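**Q** Here you go, one structure.
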Amino acid sequence: MEVELDEPKCVAAGQCVLAAPDVFDQRDEDGVAVVLDERPDPGHLEGVREAAVLCPAAAIRLVER
C-alpha cells in the first residue's frame, strides 16, 4: 500500500500524526502534514487507515499497488 497526501487540501488538524506518528509528521512553519514513509510496513497500516478516515480535509489517500 502507498500513502498519498494532497498537501494543498491539508488543514493542519494533526489527526494523521496522532493516528500514525511513524508515517506522518507536520511542518513546523505551517502545520501541514508530511508523509515520512510512503510505503509503510504492514504493522503501520491500521494507523494509516485510521488517519485517512480521521482527516477532516480528506487529504490522505491509500493506494493499493
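**Q** List the residues whose amide H sits under 5 Å from the amide H of VAL11, counting only those 5 or more places along or on another chain, with H placed 1.01 Å from N in the peptide plane.
**A** Distant-sequence amide H within range of VAL11: ALA57.
**Q** Another question, if that's okay. Sort the following peptides by mean Cβ neighbour count (other Cβ atoms within 10 Å, averaged over residues), highest first: 24-32, 9-17.
**A** 9-17, 24-32
**Q** Using each residue's phi in segment 29-36, evaluate 6.51 cos²θ - 1.76 cosθ + 1.60 at θ = phi - 60° and report the 3J(HN,Hα) Karplus result to the nearest Hz, with x for Gly and Pro.
**A** Each residue's phi maps through the Karplus curve to give 6, 9, x, 5, 5, 10, 8, 7 Hz.
**Q** Here's a follow-up. Mind listing the phi-derived Karplus ³J(HN,Hα) values for segment 2-15, rounded to whole Hz, using 6.51, -1.76 and 1.60 with θ = phi - 60°, and x for any glycine or proline?
**A** After applying 6.51 cos²θ - 1.76 cosθ + 1.60, I find 10, 9, 10, 10, 8, 4, x, 7, 4, 9, 6, 6, x, 4 Hz.
**Q** Continuing with this model, one more query. Once you have the Cα-Cα distance between ASP37 and ALA58, take 0.36 nm times their residue separation minus that, and quote the gain in nm to one decimal.
**A** Extra length from ASP37 to ALA58 when fully extended: 5.7 nm.
**Q** Only helical DSSP H runs with n ≥ 4 go in: add -39500 (n - 2.57) per run for the chain, normalise by residue count and round the 222 nm mean residue ellipticity to 500 deg cm²/dmol.
**A** -6000 deg cm²/dmol
**Q** Let me ask something additional. Which cross-chain or sequence-distant (5 or more) residues have an amide H under 5 Å from the amide H of VAL34, H modelled 1.01 Å from N in plane?
**A** The answer is ASP25, GLN26, ARG27.
**Q** Can you list, largest first and rounded to whole Å, the semi-axes you get for the chain by taking the square root of 5 times each eigenvalue of its Cα gyration tensor?
**A** Sorted largest first and rounded, they come to 17, 12, 10 Å.
All of the numbers you see were taken from the coordinates with simple rules; none came from a lab. These figures come from a predicted structure and were not determined experimentally. Every residue, glycine as well, gets a Cβ built from its backbone with ideal geometry; the counts of neighbours run over all protein chains shown.
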